[in-house]
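Undergrad: Below: one structure in C-alpha coordinates.
The values are calculated or read from the model by the stated rules, or taken from the named source; none is laboratory data. These numbers come from a predicted model, not from an experiment. Cβ atoms come from the backbone with ideal geometry, glycine included; neighbour counts cover every protein chain shown. In case anyone asks, the SASA skips ligands and DNA or RNA and just uses the protein heavy atoms, side chains included. Shrake-Rupley method; radii C 1.70, N 1.55, O 1.52, S 1.80 Å.
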Amino acid sequence: VQLVESGGGSVQAGDSLRLSCVANGVAFSTETFGWYRQDPGKLREFIAITYDDGRTTYANRVKGRFTISRDNYRNTVYLQMNSLNPDDTAMYFCNVPGSPSKKGYWGQGTQVTVFA
(Lines give C-alpha, C1' and ligand atoms only; values in the text may rest on other atoms or scores of the structure.)
Protein backbone atom coordinates (compact mmCIF):
# COMPACT_ATOMS: atom_id res chain seq x y z
CA VAL A 1 0.00 0.00 0.00
CA GLN A 2 1.27 3.45 -0.89
CA LEU A 3 -0.27 6.80 0.02
CA VAL A 4 1.28 9.85 -1.63
CA GLU A 5 0.20 13.33 -0.55
CA SER A 6 0.77 16.52 -2.49
CA GLY A 7 -0.53 20.06 -2.73
CA GLY A 8 0.98 21.61 0.36
CA GLY A 9 2.73 24.95 0.30
CA SER A 10 3.14 28.36 1.90
CA VAL A 11 0.18 30.72 1.73
CA GLN A 12 -1.19 33.85 3.35
CA ALA A 13 -3.99 33.81 5.90
CA GLY A 14 -7.34 33.67 4.15
CA ASP A 15 -5.99 31.72 1.18
CA SER A 16 -7.01 28.23 0.06
CA LEU A 17 -5.16 25.03 -0.74
CA ARG A 18 -6.24 21.64 -2.04
CA LEU A 19 -4.33 18.61 -0.85
CA SER A 20 -4.36 15.35 -2.78
CA CYS A 21 -3.63 11.79 -1.67
CA VAL A 22 -3.14 9.12 -4.31
CA ALA A 23 -3.67 5.63 -2.91
CA ASN A 24 -2.20 2.54 -4.53
CA GLY A 25 -2.49 -1.07 -3.44
CA VAL A 26 -5.92 -0.73 -1.79
CA ALA A 27 -9.45 -1.48 -2.90
CA PHE A 28 -10.06 2.23 -3.13
CA SER A 29 -13.84 2.38 -3.58
CA THR A 30 -14.46 0.26 -0.47
CA GLU A 31 -11.85 1.89 1.74
CA THR A 32 -12.06 4.58 4.41
CA PHE A 33 -9.60 7.48 4.21
CA GLY A 34 -8.69 10.15 6.70
CA TRP A 35 -6.66 13.34 6.86
CA TYR A 36 -4.61 14.22 9.94
CA ARG A 37 -2.12 16.94 10.75
CA GLN A 38 0.77 17.32 13.13
CA ASP A 39 2.94 20.14 14.39
CA PRO A 40 6.41 19.29 15.71
CA GLY A 41 6.19 18.40 19.39
CA LYS A 42 2.43 17.88 19.28
CA LEU A 43 0.18 14.88 18.87
CA ARG A 44 -1.20 14.02 15.46
CA GLU A 45 -4.65 15.58 15.13
CA PHE A 46 -7.70 14.22 13.31
CA ILE A 47 -9.02 16.53 10.58
CA ALA A 48 -11.54 14.67 8.43
CA ILE A 49 -12.60 11.23 7.24
CA THR A 50 -14.48 9.85 4.25
CA TYR A 51 -16.21 6.46 4.28
CA ASP A 52 -16.96 4.24 1.32
CA ASP A 53 -20.68 5.03 1.59
CA GLY A 54 -20.05 8.75 1.12
CA ARG A 55 -20.36 9.80 4.75
CA THR A 56 -17.86 12.34 6.02
CA THR A 57 -16.89 13.58 9.46
CA TYR A 58 -14.85 16.64 10.43
CA ALA A 59 -13.03 17.96 13.44
CA ASN A 60 -14.87 20.93 14.93
CA ARG A 61 -11.99 23.30 14.35
CA VAL A 62 -12.10 22.81 10.57
CA LYS A 63 -15.83 22.24 10.06
CA GLY A 64 -17.18 24.69 7.51
CA ARG A 65 -13.71 25.54 6.16
CA PHE A 66 -12.33 22.18 5.01
CA THR A 67 -13.98 19.65 2.70
CA ILE A 68 -12.87 16.06 2.20
CA SER A 69 -13.80 14.33 -1.04
CA ARG A 70 -12.79 11.30 -3.06
CA ASP A 71 -12.52 10.28 -6.70
CA ASN A 72 -12.90 6.54 -6.96
CA TYR A 73 -11.79 6.57 -10.61
CA ARG A 74 -8.52 8.36 -9.87
CA ASN A 75 -7.86 6.57 -6.54
CA THR A 76 -7.46 10.02 -5.00
CA VAL A 77 -8.69 11.66 -1.81
CA TYR A 78 -8.78 15.44 -1.60
CA LEU A 79 -8.81 17.96 1.23
CA GLN A 80 -10.02 21.38 0.14
CA MET A 81 -8.93 23.94 2.74
CA ASN A 82 -10.43 27.43 2.69
CA SER A 83 -10.00 30.45 4.94
CA LEU A 84 -6.65 29.17 6.14
CA ASN A 85 -5.13 30.73 9.24
CA PRO A 86 -1.72 30.37 10.92
CA ASP A 87 -3.13 27.74 13.32
CA ASP A 88 -3.58 25.45 10.30
CA THR A 89 0.19 25.31 9.82
CA ALA A 90 1.25 21.67 10.10
CA MET A 91 2.34 18.57 8.22
CA TYR A 92 -0.77 16.97 6.74
CA PHE A 93 -1.02 13.20 6.44
CA CYS A 94 -3.32 10.87 4.55
CA ASN A 95 -4.40 7.74 6.42
CA VAL A 96 -6.04 4.39 5.86
CA PRO A 97 -7.36 3.36 9.28
CA GLY A 98 -6.31 0.04 10.74
CA SER A 99 -8.45 -2.39 12.69
CA PRO A 100 -7.94 -5.60 14.65
CA SER A 101 -8.14 -7.45 11.33
CA LYS A 102 -6.07 -5.20 9.07
CA LYS A 103 -3.09 -2.90 9.13
CA GLY A 104 -3.41 0.85 8.84
CA TYR A 105 -1.25 3.05 6.61
CA TRP A 106 0.12 6.59 6.52
CA GLY A 107 1.52 8.73 3.76
CA GLN A 108 4.75 10.69 4.08
CA GLY A 109 2.93 13.99 4.58
CA THR A 110 2.79 17.36 2.87
CA GLN A 111 3.67 20.61 4.63
CA VAL A 112 1.21 23.48 4.89
CA THR A 113 2.46 26.82 6.19
CA VAL A 114 0.10 29.76 6.65
CA PHE A 115 1.53 33.24 7.25
CA ALA A 116 -0.41 35.93 9.07
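Undergrad: Normalised by the number of residues in the chain, what is the relative contact order in percent for Cα pairs under 8 Å and 6+ residues apart?
TA: Relative contact order here is 36 percent.
Undergrad: Provide the per residue accessible area, probe 1.4 Å, for the chain, rounded to a whole number of square angstrom.
TA: Result: 53 Å² of accessible area for each residue.
Undergrad: Sticking with this one: With a 1.4 Å probe and every protein chain kept in, tell me what percent of the accessible surface of segment 1-95 is carbon plus sulfur.
TA: Exposed carbon and sulfur together represent 45 percent of the surface.
Undergrad: With point charges of +1 on the Cβ of Lys and Arg and -1 on the Cβ of Asp and Glu, referenced to the Cα centre of the chain, which listed residue (V11, L79, Y58) lies farthest in the positive direction of the dipole?
TA: Selected residue: Y58.
Undergrad: Let me ask another. Considering the zone a paramagnetic label at A13 would reach in this model (a point 7 Å from Cα along the Cα-to-Cβ line), which residues of segment 78-116 have amide N under 16 Å from it?
TA: 82-90, 113-116
Undergrad: In square nanometres and to one decimal, what's the mean projected area of the convex hull around the Cα atoms of the chain?
TA: 7.1 nm²
Undergrad: Given 0.36 nm per residue, what is the gain on full extension from N72 to F46 after removing their alpha carbon distance, in nm?
TA: Length difference between fully extended and current span is 7.1 nm.
Undergrad: Could you give the nm distance between label points at F115 and S101, where each point is 7 Å from its Cα heading toward the beta carbon?
TA: Result for the modelled spin labels: 5.0 nm.
Undergrad: Let me ask something else. How fast does segment 22-67 diffuse by Stokes-Einstein, in µm²/s, taking the Kirkwood radius from C-alpha pairs at 4 °C and 1.567 mPa s?
TA: 108 µm²/s
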